[in-house]
Amino acid sequence: MASRRLDSWLAGPGEAPPLPPTDASLPILVVGAGPAGLAAMAALREAGVDFEAFEAHRDVGGNWDAENPVSAMYAGMRMVTSRRTSSLGPPMPRDWPAFVPFEQALAYLRGFADGKDLRGATRFGTRFDDAEKTARGTWLVAAIGPDGAFRREYRGIVFATGSHNRSYRRVPGALLAAATAAGIDAIHASDYRTPAPYAGKRVLVVGIGNSGSDIADKVSAVARRTVLAVRTPPWILPARMLGRPGDQVRLSAEALRLPHWYQEAFLRLASRLATGRPERLGLARPGHGPLERVPVTDRGIVAAIRAGRVVVRRGLAALEGGVAHFEDAGASAEPVDAVIFATGYTRRYPLLSGEGGDIAKELAFFLFHRGEAGLSYMTEMVGPRSCWPVFVEQGRAIAAYYAAEPRARNAVAFNRRRGLPSPDLKGSLFRGADPFHVDYRRYTAILRDLAAWLSE
């Protein structure tokens with residue numbers, strides 16, 4: 001099926017003038033040495049494409065390294081996806097927990113980098129600043145390293161700068177200003193590290209995504225009162241279903257090609273059996289199906305709500321004088337001492353004009369700049385399990401393009417079609433979410449076909 005989708009894209013009417021080829025005598029620059037950057041480096045090396053990498057921090061790991069200034073790791077944080085679905089190829093050790101602590105995830109990434117000999121190609125402590133295209137189509141990169149600012153010319157750039165970068169955190173401006181004016185300790189979830197500072201306090205957590213729900217559970221163990229403000233009620237699914245991690249069960253369902261309606265019905269039943277009626281938790285019924293948006297994985301939040309350690313309120317309307325007011329009718333106002341905004345991140349990438357979902361319009365297959373042969377992006381896609389294996393296929397597709405370009409044939413055909421709309425990558429999944437929420441199985445199959453076609 002994926003081949004037919006790619007064939008349909010290749011048969012599309014777009015016949016733009018071919019882009020000038022990149023200069024294959026120069027290396028590709030990979031920006032970032034987290035999971036995406038490591039996957040891109042490994043793929044480029046396997047394809048025989050010369051590259052080097054910049055990493056602003058002193059070691060590999062990206063967001064998974066708690067010492068990295070961009071990291072959002074906190075005490076007790078574990079991967080929300082299971083060990084079995086979270087790898088860059090080599091599996092994680094079988095004696096590791098099903099849901100791996102971030103420290104072990106970091107150890108895996110560093111072991112991967114050592115096994116692929118990627119550190120030697122990486123300039124640590126080096127920050128990408130900007131780049132300009134030269135008259136001959138190369139990219140002159142401005143960077144700042146341990147010895148100061150420098151400029152260097154590259155064939156092209158692969159950006160692996162992540163979407164959970166603390167620099168891109170999103171906070172409601174008016175609510176933050178109101179909290180600050182009232183002297184309330186207010187932070188974004190990316191700044192949270194341990195529950196200790198919240199001991200004995202009245203804490204408001206805004207947002208019930210995977211981070212917000214987990215942080216609310218942890219804070220409630222020490223706080224005087226923990227209130228969780230929820231605007232869009234999610235589906236909450238148990239971490240384990242049928243005795244196995246939930247993402248493995250869903251992976252098996254995809255492999256068996258079970259009908260969409262059957263998978264939805266199963267997840268509804270699993271949610272009902274594990275959490276009961278949402279009204280009993282203080283939540284409204286979700287206004288969407290469990291496969292229309294990414295659900296929340298229960299890592300303790302349901303038990304915390306049932307025990308009264310976490311109180312749910314429907315939507316934060318205002319913060320006035322240190323008191324939180326909510327959207328649900330009849331809800332009492334809540335005095336608060338601290339606020340944690342688990343309100344997500346704004347997706348941004350260097351040298352792209354848009355942000356958020358608009359970025360999708362600038363990229364073919366969410367990877368290739370539509371107008372520049374030398375710009376590629378390891379975009380973090382969102383799906384029902386770990387995105388790490390998706391990074392592997394993204395890296396291979398990008399590497400296949402740069403390896404094929406000197407041979408010209410299919411690289412030229414690809415460039416003529418960069419401006420075409422990408423194939424449908426959602427299928428029946430995530431219709432209520434932004435463009436970066438995709439059917440991983442469909443997306444990775446298309447990327448494999450694309451890489452194979454480019455390599456012909």
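Counting C-alpha atoms alone, how compact is the chain: give Rg to one decimal and Dmax as a whole number, in angstrom.
22.9, 69
5 Å is the cut-off here: which amide hydrogens, built 1.01 Å from N in the peptide plane, fall below it relative to Val312, excluding neighbours closer than 5 in sequence?
Under 5 Å from the amide H of Val312 lie the amide H atoms of Leu228, each far enough along the sequence or on another chain.
Indicate, rounded to the nearest 5 percent, the antiparallel portion of the DSSP beta bridges found entirely in the chain.
Antiparallel: roughly 45 percent of the beta bridges in the chain.
Which of the lysines could be linked to Lys361 by a straight reach, that is with a Cα gap under 27 Å, when you skip same-chain ones fewer than 8 residues away?
Reachable lysines: Lys133, Lys426.
Considering just Cα atoms, how many Å³ per residue does the convex hull of the stretch 170-341 enclose?
Measuring per residue, one finds 121 Å³ for the Cα hull of the stretch 170-341.
Where the Cα atoms of the stretch 68-174 are projected onto their three principal axes, how long is each span, largest first, in whole Å?
53, 47, 26
Please work out the C-alpha center-to-center distance from the stretch 266-309 to the stretch 213-247 and express it in whole Å.
So the separation of the two Cα centres works out to 9 Å.
Going by average Cβ density within 10 Å per residue, which order do the peptides 51-60, 139-148 take, highest to lowest?
Descending mean neighbour count gives 51-60, 139-148.
Using modelled amide H (1.01 Å from N, peptide plane; none on Pro or chain starts), what sits under 5 Å from the amide H of Met241, excluding residues fewer than 5 places away?
Under 5 Å from the amide H of Met241 lie the amide H atoms of Gly246, each far enough along the sequence or on another chain.
Mind listing the phi-derived Karplus ³J(HN,Hα) values for the stretch 130-147, rounded to whole Hz, using 6.51, -1.76 and 1.60 with θ = phi - 60°, and x for any glycine or proline?
So the J values, rounded to whole Hz, are 6, 8, 10, 7, 8, 4, 9, x, 8, 10, 8, 9, 9, 9, 10, x, x, 9.
When only DSSP loop residues count, what trypsin sites (Lys or Arg not before Pro) in the stretch 237-270 have their Cβ near at most 10 other Cβ atoms within 10 Å?
Arg257
Whole-Hz ³J(HN,Hα) for each residue in the stretch 76-92, computed from phi via Karplus 6.51 cos²θ - 1.76 cosθ + 1.60 with θ = phi - 60°, x for glycine and proline: what do you get?
Here the 3J(HN,Hα) series is x, 6, 10, 4, 7, 9, 7, 3, 5, 9, 10, 7, 10, x, x, x, 6 Hz.
Taking H as built 1.01 Å from N, whose amide H comes closer than 5 Å to the amide H of Ala324, not counting residues under 5 places away?
Here the answer is Glu334, Val336, since their amide H atoms fall under 5 Å of that of Ala324.
Computed from the coordinates by the stated procedures, all read-outs in this text should not be read as laboratory data. Fair warning: this is a prediction, and the values are worked out from it, not measured in the lab. Cβ: placed from backbone, ideal geometry, glycine included. Neighbour counts: every protein chain shown.
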